[in-house]
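Following: one structure in structure tokens, then a few remarks.
The values are calculated or read from the model by the stated rules, or taken from the named source; none is laboratory data. No experiment lies behind these values; they were computed from the predicted model shown. Neighbour counts are summed over all protein chains in view; Cβ atoms, including those assigned to glycine, are modelled from backbone coordinates with ideal geometry.
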Amino acid sequence: MAGGFSRIADLPDLRWAIRGMAVSQALGAACALGLADRLDVSAGQSALDLARACGTDEATVRRLVRLLAGLGVFRMDRDDVITHTDVSLMLRQDNVPSVYAAIRFWTLPAIWRAWGELSGGMTKPAIPFVAANGRSFFDHLAHDPADRDVFHALMKSGGFVNRHEAIAEALTLDPRDVVVDIGGGEGLLLRAILARHTQVRGILFDLPEVVGRCDGLDGCRIVAGDFFETVPAGGSVYILSWILHDWPDEQAVTILRTIRQAMSPEARLLIVDRLLNADPRQCDPYDVLEDINMFVLFHGKERTEVDFNSLLSQAGFQPLAIRATRPGFAVLETR
């Protein structure tokens, strides 16, 4: 387990896959307690000292760290002295890279309840998240500030290390371009784009309560609205980054049609999303896991090239061109 695995078939047996929820919760508890943040990065600490720093008892910390040490996360010797490893350092909030926000988000009770509805969701029309929590994902965040803060921390981390910078690096832009980031959140991707493509101008577009959290972007105009109704005109490049996978096909087509109405004939639409391999045998297991995750949270989906072209055709766009592929995402272009 400590060495990791990519497919269940790589495991000596299925026990670790079946009990994966216990490992996730152990990591979640470690982050909730701040074990990695409070553990000295250059010297070991006793279980007692670490427990005191975390405000809990020694026996609890010893047992939790013993499990995680057995999985190769922390290091713990026979005298209960605990030290960091390269893995446990990534649990720190100040580390680069950090998986702290991801662990906190994926172990939230609301997310766990939603995944508990997966089997029922296969035969019932309700979205598993809604069936489990009584409201949609984004409505839940609106009513639960603590979960909302965890989600925004995950989005600020990019979901994976240096995601925004990787996307900005993959884009081909002209210095005269005006980039409209549709559903761009607090502007983290647009910041990365403007930092790399310094002559480009930008327009950040999202819901009023979202862009209201943006503290300003040099060379960028901020516009509030709903992409199901209208989006800003005047852009030469429109970007949908990690948006379409949140939505079933019908709503995704509506979003695309709204954007098409705002675009000039010369403008380009860039879609940044996972691109599933049409051959299931060649799919990255994490990509297809994310596909089911989109189903659980939204009834959304990850898509193949054929799937994307079907949406684009219905919305009046040309077939897509794959402009760049990176681990975890692709840049797709259409006009």
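Overview of values
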| item | result |
| --- | --- |
| Only listed residue being β-branched (V, I, T), in the same structural domain as W16 (by TED's automatic domain parsing), in contact with a Phe, Trp or Tyr (Cβ under 8 Å, 6 or more places away or on another chain) and touching a residue at least 24 places away in the same chain (Cβ under 8 Å), chosen from V65, V61 | V65 |
| Top-ranked residue of region 183-219 - restricted to ones that are in contact with a Leu (Cβ under 9 Å, 6 or more places away or on another chain) and of a type in the set (V, I, T), ranked as nearest to V231 (Cα to Cα) | I203 |
| Test: H164 is touching a Leu at 6+ places or on another chain (Cβ under 7 Å) and at pLDDT 90 or above | no |
| Index of the failed condition, G212 passing every other in (1) surrounded by fewer than 21 Cβ atoms within 10 Å (Cβ to Cβ); (2) farther than 30 Å from I111 by Cβ; (3) at pLDDT below 95; (4) touching a strand residue (DSSP E or B) at 6+ places or on another chain (Cβ under 8 Å) | (2) |
| Subset of region 153-182 (residues that are more than 25 Å from G225 (Cα to Cα) and free of Cβ contacts under 8 Å to residues at least 60 places away in the same chain) | E165, E169, P175 |
| Residues of region 46-79 that turn out to be over 34 Å from the mean Cα position of the chain (by Cα) and buried (at least 16 other Cβ atoms within 10 Å of the Cβ), as a count | 1 |
| Residues that are under 14 Å from the mean Cα position of the chain (by Cα) and charged (D, E, K, R), drawn from region 278-300 | D287, E290, D291 |
| Matching residues in region 153-182 - criterion: being out of contact with any helix residue (DSSP H, G or I) (no Cβ under 7 Å at 6 or more places or on another chain), closer than 30 Å to M90 by Cβ and crowded, with 21+ Cβ neighbours inside 10 Å | R163 |
| Identity of the residue in region 109-147, crowded, with 18+ Cβ neighbours inside 10 Å and of a type outside the set (A, V, I, L, M, F, W, C), that ends up modelled with the lowest pLDDT | G121 |
| Every residue from region 185-200 that is buried (at least 17 other Cβ atoms within 10 Å of the Cβ) and more than 23 Å from D287 (Cβ to Cβ) | E186, G187, L190, R191, I193, L194, H197, V200 |
| Residue match in region 74-96 (condition: modelled with pLDDT under 95 and on the phi > 0 side of the Ramachandran plot) | yes |
| Failed item, numbered, when R191 is tested on (1) more than 21 Å from I259 (Cβ to Cβ); (2) over 19 Å from the mean Cα position of the chain (by Cα); (3) modelled with pLDDT of 90 or more | (2) |
| Any hit, region 84-91, residues being surrounded by fewer than 17 Cβ atoms within 10 Å (Cβ to Cβ) and within 20 Å of the chain's Cα centre (by Cα) | no |
